[in-house]
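Peer 1: Questions regarding the structure given below will be posed in turn.
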Ligand code: HEM
């Protein structure tokens with residue numbers, strides 16, 4: 001490499017790191033060129049995010065997978081409380097006392113308890129109800145005028161499903177959804193933190209109230225089952241139970257909603273691929289895995305932090321720094337996936353390869369439910385509306401503009 005080439009590469013990497021740090025509009029619209037540049041020139045890259053906490057972004061597949069399972073990279077938010085306070089303010093603490101923000105042995109204990117109630121049988125028993133909810137939502141869609149599929153279909157479906165699974169009554173769902181929406185869109189300004197504190201306070205009160213009600217009248221739903229486990233040894237305390245409800249509700253609907261949107265968008269913008277799926281419905285499960293790889297709804301795994309100085313590819317991540325694992329970048333790494341920027345519903349060996357559901361101890365607990373919802377939603381949508389098209393051109397798509405991306409999803413999905 002000539003000296004000039006080296007400087008060009010460094011400049012490009014610096015620009016890419018800066019775009020990722022600021023969450024620039026161009027990066028939000030299409031983050032993949034930024035990730036490609038970082039994978040090449042700065043695979044473990046120091047960011048300067050608006051929240052001001054030292055943060056390192058990991059973009060290559062092998063490093064990402066290793067980081068998600070590395071016990072030196074912790075998810076225990078109580079061990080990094082200063083950083084969390086700086087980013088989110090004080091409010092979120094009570095809502096983060098769950099498996100997603102803990103390390104073993106606490107993580108193992110909490111996940112085992114939820115697993116004992118979140119059984120394959122319970123998930124499978126939801127199938128007819130998911131179909132019914134899907135059909136009801138599609139019945140309400142008008143066959144002519146443009147309609148935004150996100151608020152009418154992609155969001156209500158997983159929200160209703162997770163609420164029914166947990167046992168949140170219908171008349172209380174709108175309020176819960178309203179507060180969840182505030183939390184999902186939060187930024188790092190003082191005003192954002194204040195709004196976050198109000199929303200999280202409301203959710204905490206709501207969860208405390210519903211736990212008390214379900215304790216009085218034993219129910220057959222997931223919350224009822226979790227309450228029953230509280231008599232067992234090593235059980236969840238009340239704070240952990242409340243926080244677990246929160247993580248199930250939140251992780252259980254935004255992710256799936258955005259993924260339904262990303263799937264419909266990518267199938268409609270790759271009509272040849274859609275035709276293949278319609279001609280051979282057996283391809284659908286693989287097409288869903290390819291959507292998760294190519295444009296999954298989780299762009300970055302949740303925050304982690306270094307418990308000691310950790311060296312990855314010559315870069316030292318100092319103890320206490322935050323670590324962000326860019327699964328969206330790992331899933332486009334040419335070292336792992338051939339022609340990674342090609343959307344190919346027939347791509348082989350996806351399910352165990354892509355990192356769209358994470359990897360290691362925090363691998364998505366809800367993956368089987370999400371896959372079931374996706375299959376029912378897409379099959380029913382394309383059966384009911386075989387001529388469905390985007391109402392605007394693909395390059396007009398509005399991607400989420402949240403300041404520091406956890407989710408990759410659309411703001412709107414107008415279709416005719
Ligand atoms: C964890 C993605 C649906 C519950 C995760 C993680 C990812 C993910 C990437 C790992 C996070 C990390 O390591 O930082 C997704 C996607 C979904 C989806 C893309 C939809 C397409 C669901 C559903 C539920 C759920 C439907 C619940 C019903 C969870 C929980 C965890 C988790 C509880 C934490 C597991 C642990 O910490 O041990 N998910 N998820 N997810 N997900 Fe999902």
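What follows draws every value from the coordinates through simple rules; no lab data is involved. Quantities reported herein were computed from a predicted structural model and do not represent experimental measurements. Using ideal geometry, Cβ is built from the backbone for each residue, glycine included, and neighbour counts are taken over all protein chains shown.
Peer 1: For residue 182 and residue 341 in one chain, what is 0.36 nm times their gap in residues minus the Cα-Cα distance, to one decimal in nm?
Peer 2: 54.0 nm
Peer 1: So, in nm, how far is label residue 394 from label residue 24 when the simple model puts each one 7 Å beyond its Cα toward the Cβ?
Peer 2: Inter-label distance under the simple model: 2.4 nm.
Peer 1: Let me have the relative contact order for segment 99-246, percent, based on Cα pairs under 8 Å that are six or more residues apart.
Peer 2: Working: 86 pairs, mean separation 36.0, N = 148.
Relative contact order comes out at 24 percent.
Peer 1: Given the Cα-Cα distance of residue 170 and residue 238 and 0.36 nm per residue of separation, how much length would full extension add, in nm?
Peer 2: Once the chain is fully extended between residue 170 and residue 238, it gains 22.1 nm.
Peer 1: What order, most packed first, do the peptides 48-56, 132-140 have when packing is the mean number of other Cβ atoms within 10 Å of each residue? Write down the numbers at each step before the final one.
Peer 2: Working: 48-56: 17.3, 132-140: 15.1.
Result, highest mean Cβ count within 10 Å first: 48-56, 132-140.
Peer 1: Compute the Cα gyration tensor for segment 186-326, then decide on rounded, prolate or oblate, letting a ≥ b ≥ c be the square roots of its eigenvalues: rounded whenever a/c is under 1.5, prolate when a/b is larger than b/c in the other cases, and oblate in all that remain.
Peer 2: Numbers: a/c = 1.96, a/b = 1.25, b/c = 1.57.
It is oblate, given that a/c is not under 1.5 and a/b is not larger than b/c.
Peer 1: Highest mean first, what order results for 347-357, 322-332 on Cβ atoms within 10 Å?
Peer 2: Most protected by this proxy first, the peptides run 322-332, 347-357.
Peer 1: Here is a follow-up. In percent, what relative contact order does the chain have, based on Cα pairs under 8 Å that are 6 or more apart in sequence? Write down the numbers at each step before the final one.
Peer 2: Working: 596 pairs, mean separation 104.4, N = 416.
Across the chain, relative contact order equals 25 percent.
Peer 1: Gap in Å between the Cα centre of segment 36-82 and the Cα centre of segment 358-416?
Peer 2: So the two Cα centres are separated by 26 Å.
Peer 1: Nearest-5 percent of antiparallel DSSP beta bridges in the chain?
Peer 2: Looking only at bridges with both residues in the chain, the antiparallel portion is about 80 percent.
Peer 1: Quote the FRET efficiency, to the nearest 0.05, computed for residue 135 versus residue 309 with a Förster distance R0 of 51 Å and r equal to the Cβ-Cβ distance.
Peer 2: 0.40
Peer 1: What 222 nm value per residue comes from the helices of the chain, counting each DSSP H run with n ≥ 4 as -39,500 (n - 2.57) and dividing by all residues, nearest 500 deg cm²/dmol?
Peer 2: On the way: 17 runs with 215 residues, N = 416.
About -16500 deg cm²/dmol.
Peer 1: FRET efficiency for residue 190 and residue 76, Cβ-Cβ distance as r, R0 = 41 Å, nearest 0.05? Mind showing how you got there, number by number?
Peer 2: Values: r = 27 Å, r/R0 = 0.66.
Computed FRET efficiency for residue 190 and residue 76 comes out at 0.95.
Peer 1: Now for a different question. If you take the square roots of the eigenvalues of the alpha-carbon gyration tensor of segment 296-347 and sort them as a ≥ b ≥ c, do you get rounded (a/c under 1.5), prolate (a/b over b/c) or oblate?
Peer 2: Cα axes put segment 296-347 in the oblate bin.
Peer 1: Assuming 0.36 nm per residue, please report the length gained on full extension of the stretch residue 106 to residue 40 beyond their Cα-Cα distance.
Peer 2: Stretched fully, the residue 106-residue 40 segment lengthens by 20.0 nm.
Peer 1: May I pose another question? Taking Cα centroids, how far is segment 216-246 from segment 279-313 in Å?
Peer 2: 30 Å
Peer 1: Shape call for the chain from the C-alpha gyration tensor, a ≥ b ≥ c root eigenvalues: rounded (a/c under 1.5), prolate (a/b greater than b/c) or oblate?
Peer 2: Because a/c hits 1.5 or more and a/b fails to exceed b/c, the chain counts as oblate.
Peer 1: Where the centroid of each part is defined by its Cα atoms, how far is segment 109-137 from segment 148-173 in Å?
Peer 2: Value for the Cα centre distance between the two parts: 13 Å.
Peer 1: Right, another one. By per-residue mean of other Cβ atoms within 10 Å, what is the highest-first order of 298-311, 267-280, 195-208?
Peer 2: Result, highest mean first: 298-311, 195-208, 267-280.
Peer 1: Between residue 231 and residue 116, what is the label-point separation in nm under the 7 Å Cα-to-beta-carbon projection?
Peer 2: 1.2 nm
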